[in-house]
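Take a look at the structure set out below.
The values are calculated or read from the model by the stated rules, or taken from the named source; none is laboratory data. Predicted model, so just to flag it, every value in this text is computed and none were measured. With ideal geometry, Cβ positions are generated from the backbone for all residues, glycine too; neighbour counts draw on all protein chains shown. For accessibility, only protein heavy atoms count, side chains too; no ligands or nucleic acids. Shrake-Rupley method; radii C 1.70, N 1.55, O 1.52, S 1.80 Å.
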Amino acid sequence: MAKKKGSIVYKCSNCSYTQPGWLGRCPNCGEWNSMQECIVDPNAATPSLAVDGTAVKVKPVPMAKISVQDEGRISTGSAEFDRVLGGGAVRRSAILIGGEPGIGKSTLLIQTAASFLKNATSSLKNVPSSLKNAPSAKGASGHRVLYVSGEESASQIKGRAVRLGLDTDAVEILCTLRLEDILDALDSLNPSFVIIDSIQTVYSVQAGIVPGTVSQLKYCANELISWVKERDSVLFMTAHVTKAGDIAGPKSLEHMVDTVISFERSNDEVRFLRATKNRFGSIDELGIFEMEEKGLREVADPSSLFLTRREGSTPAGIACACVFEGTRAFVVEIQALTVPAKASMNRVYSDKVDSARVSRVAAVLEKRAGIKFSDQDLYINVAGGVRLTESAIDAALAAALYSARTDLALPEKTVVTGELSLAGEIRPVSKIKQRIKTARELGFDNIVAPGKESGTKGANSVKDLLAVLFAGK
């Protein structure tokens, strides 16, 4: 009698004999208490799925009986990439990386693959010869990387690796669009790193034959994520983006993965890597790279990108602020320009600082400091092209706007920090001691901040701020 999909059977855990009812002893092998309740479901995504389509029926477990296991992390070989991921890639996790065409997603991942294999080889060399047959040593030598490409040929990927000077001889390359081919390769290789470039090119005959549709993306991503969740592997998937910079496809794709990373560009060389979702770490960290002839280079000192090195004095409209991105502090330069409005209403041109924040700060200056901005077009820029969202830049933004409007330059080597309220008060910000320390290490000896922090000039209102910065001018 044929089994119906979704029906319940009982299978022996010793010999896999199945029958429709429970017995205390298996009639095939004679084992006692070995019959387990199973469900017939060929599509069940579980490690216990047998060839006959039966899977052990999942039952609820009390929270008190669940043991907490430490998340095993794998280093990508890039300190900046690891920082954004929260300390490395977590095993059995899926990571989605989105970015505009040509920004360097494939370059980042091929460099990651080469670094991972290099680190695995180095760890094996450090194992004593007497222990090289131990399970841990065998695991290190068994690390594998599968690079699946649906957009480039194998020779193109190899050519990029050679141009970047990477040792990728041990990387397995699979150029295909079919999901079934990918799953077969995964089962045969069991790689530690899986790279899908990109998920929009993958299709399965179970969901049609046209790649990139909503059903294809959801089905193919679910199958790949289900595979990696059952093994100590990490899945990287690149994704296309829309004109607005959002990841193309259904929003459920971002819900399915563990980490969503945005790869952004400020100019032709500088790249920013930041997480918009991370189940295993913070989303406040920022990874900074420079695109060079040999690929992406990590930027260890961000202030070297965000501060303009000038031979002469600082012009009007420039103010520096110390900001935090995750666990790292650095000084950025905010640039402001005001010109008479060309229309009946003034406009704000700002893409690195929220234009609503700029308008709010200008309104506070107009109300509390008596300087008019309503007839001016406001232009705001941040040196280096980094986006600033922290409220600690409010005071520096106010100083830059006032400096641009009055054509009075701030004192040299000055850093301004603080949050500006609608009442014109400058409120303290978090981690002020770390901000002061970072600013001093970079040569800024004139620090203006709210409160009475040692080594700073206190400014508790916008009037105090302007009096401290422009005294005598």
(request) Provide a single number: the residues in the stretch 438-473 that are open to solvent by 40 Å² or more (accessible area, probe 1.4 Å) and of a type in the set (Val, Ile, Thr). (result) 1
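For every residue, the table says whether it meets (1) touching a residue at least 24 places away in the same chain (Cβ under 8 Å); (2) out of contact with any Asp or Glu (no Cβ under 8 Å at 6 or more places or on another chain).
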position: LYS367; (1), (2): yes, yes
position: PHE373; (1), (2): yes, no
position: ASP394; (1), (2): yes, no
position: PRO411; (1), (2): yes, yes
position: ARG427; (1), (2): no, no
position: ALA439; (1), (2): yes, yes
position: PHE444; (1), (2): yes, yes
position: VAL448; (1), (2): yes, yes
position: LEU466; (1), (2): yes, yes
(message) For the stretch 65-86: of the residues being at pLDDT 85 or above and open to solvent by 50 Å² or more (accessible area, probe 1.4 Å), which is nearest to THR112 (Cα to Cα)?
(response) SER75
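Does SER123 fit the bill of being farther than 22 Å from ASP258 by Cβ, at pLDDT below 90 and touching a helix residue (DSSP H, G or I) at 6+ places or on another chain (Cβ under 7 Å)? Please lay out each step first, then the result.
Numbers: farther than 22 Å from ASP258 by Cβ: yes; at pLDDT below 90: yes; touching a helix residue (DSSP H, G or I) at 6+ places or on another chain (Cβ under 7 Å): yes.
Yes, satisfied.
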(request) Select from the stretch 438-468 the residues that are closer than 21 Å to SER303 by Cβ, in contact with a strand residue (DSSP E or B) (Cβ under 8 Å, 6 or more places away or on another chain) and assigned to a helix (DSSP H, G or I) and list them in ascending order. (result) THR438, ALA439, ARG440
(message) I'm trying to understand the selection: among the residues of the stretch 302-315, which are buried (at least 17 other Cβ atoms within 10 Å of the Cβ) and at pLDDT 85 or above?
(response) THR314
(request) Can you work out which of the residues in the stretch 212-249 that are under 22 Å from ALA113 (Cβ atoms) and aromatic (Phe, Trp, Tyr) is farthest from the chain's Cα centre (by Cα)? (result) TRP227
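In this structure, is ASP354 touching a residue at least 24 places away in the same chain (Cβ under 8 Å) and within 33 Å of the chain's Cα centre (by Cα)?
In short, yes.
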(message) Need pairs with beta-carbon distance below 7 Å; first residue without any contact (Cβ under 8 Å) to a residue 40 or more places away in the chain and within the stretch 177-196, second assigned to a helix (DSSP H, G or I); sequence gap 6+ or separate chains.
(response) LEU177/THR201
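Take the residues in the stretch 150-165 that are closer than 19 Å to SER115 by Cα and not aliphatic (A, V, I, L, M), then tell me which one is most open to solvent (accessible area, probe 1.4 Å).
Restricting attention to the stretch 150-165, the residues satisfying the condition of being closer than 19 Å to SER115 by Cα are 157-165.
Narrowing further to those that are not aliphatic (A, V, I, L, M): 158-160, 163, 165.
Numbers: LYS158: 98, GLY159: 33, ARG160: 32, ARG163: 139, GLY165: 59 Å².
My answer is ARG163.
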(request) Please find, among ASN28, ASN33, the residue that is surrounded by fewer than 11 Cβ atoms within 10 Å (Cβ to Cβ) and modelled with pLDDT of 85 or more. (result) ASN33
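Please go through the stretch 316-327 and give me each residue that is at pLDDT below 85, at negative phi and open to solvent by less than 30 Å² (accessible area, probe 1.4 Å), ordered by number. Full working, then the answer.
Within the stretch 316-327, the first condition is being at pLDDT below 85, and the residues that meet it are 325-327.
Now drop any that are not at negative phi, which leaves 325, 327.
Selection gives GLU325 alone.
Going through the stretch 341-381 one residue at a time, which ones are under 20 Å from VAL323 (Cα atoms), open to solvent by 70 Å² or more (accessible area, probe 1.4 Å) and outside any loop (DSSP other than H, G, I, E, B)? Even if it seems obvious, please write down each step before you answer.
Of all residues in the stretch 341-381, those under 20 Å from VAL323 (Cα atoms) come to 350-358, 360-361, 380-381.
Within this subset, residues satisfying the condition of being open to solvent by 70 Å² or more (accessible area, probe 1.4 Å) are 351, 354, 360.
Across the stretch 341-381, the qualifying residue is only ARG360.
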(request) With the checklist (1) closer than 22 Å to THR308 by Cα; (2) without any contact (Cβ under 8 Å) to a residue 24 or more places away in the chain; (3) of a type outside the set (Asp, Glu) in hand, flag the one item ALA399 doesn't pass. (result) (2)
(message) Take the residues in the stretch 250-280 that are under 14 Å from the mean Cα position of the chain (by Cα) and either among the aromatic types (Phe, Trp, Tyr) or outside any strand (DSSP E or B) (or both); name whichever of them is nearest to ILE74 (Cα to Cα).
(response) PHE280
(request) Name, by its number, the condition in (1) more than 18 Å from ARG357 (Cα to Cα); (2) modelled with pLDDT of 95 or more; (3) among the β-branched types (Val, Ile, Thr) that does not hold for ILE380. (result) (1)
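Would you pick out the residues in the stretch 166-203 that are part of a helix (DSSP H, G or I) and buried (at least 18 other Cβ atoms within 10 Å of the Cβ)? Outline the logic, then answer.
We begin by selecting, within the stretch 166-203, every residue part of a helix (DSSP H, G or I); these are 179-189, 199-201.
Hits for the stretch 166-203 are LEU179, ILE182, LEU186, ILE199, GLN200, THR201.
Every residue, every condition in (1) touching a Ser or Thr at 6+ places or on another chain (Cβ under 8 Å); (2) closer than 30 Å to ARG265 by Cβ, yes or no:
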position	(1), (2)
LEU422	no, no
GLN434	no, yes
LEU442	yes, yes
ALA449	yes, no
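Which ones in the stretch 410-437 are open to solvent by 30 Å² or more (accessible area, probe 1.4 Å) and in a loop (DSSP other than H, G, I, E, B)? Give the derivation first.
Taking the stretch 410-437 and keeping what is open to solvent by 30 Å² or more (accessible area, probe 1.4 Å), we get 411-413, 419, 422-423, 425, 427-428, 430-434, 437.
Of everything in the stretch 410-437, those that are open to solvent by 30 Å² or more (accessible area, probe 1.4 Å) and in a loop (DSSP other than H, G, I, E, B) turn out to be PRO411, GLU412, LYS413, LEU422, ALA423, PRO428, SER430, LYS431.
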(message) I'd like to check something: does the stretch 93-101 contain any residue that is crowded, with 18+ Cβ neighbours inside 10 Å and assigned to a loop (DSSP other than H, G, I, E, B)?
(response) no
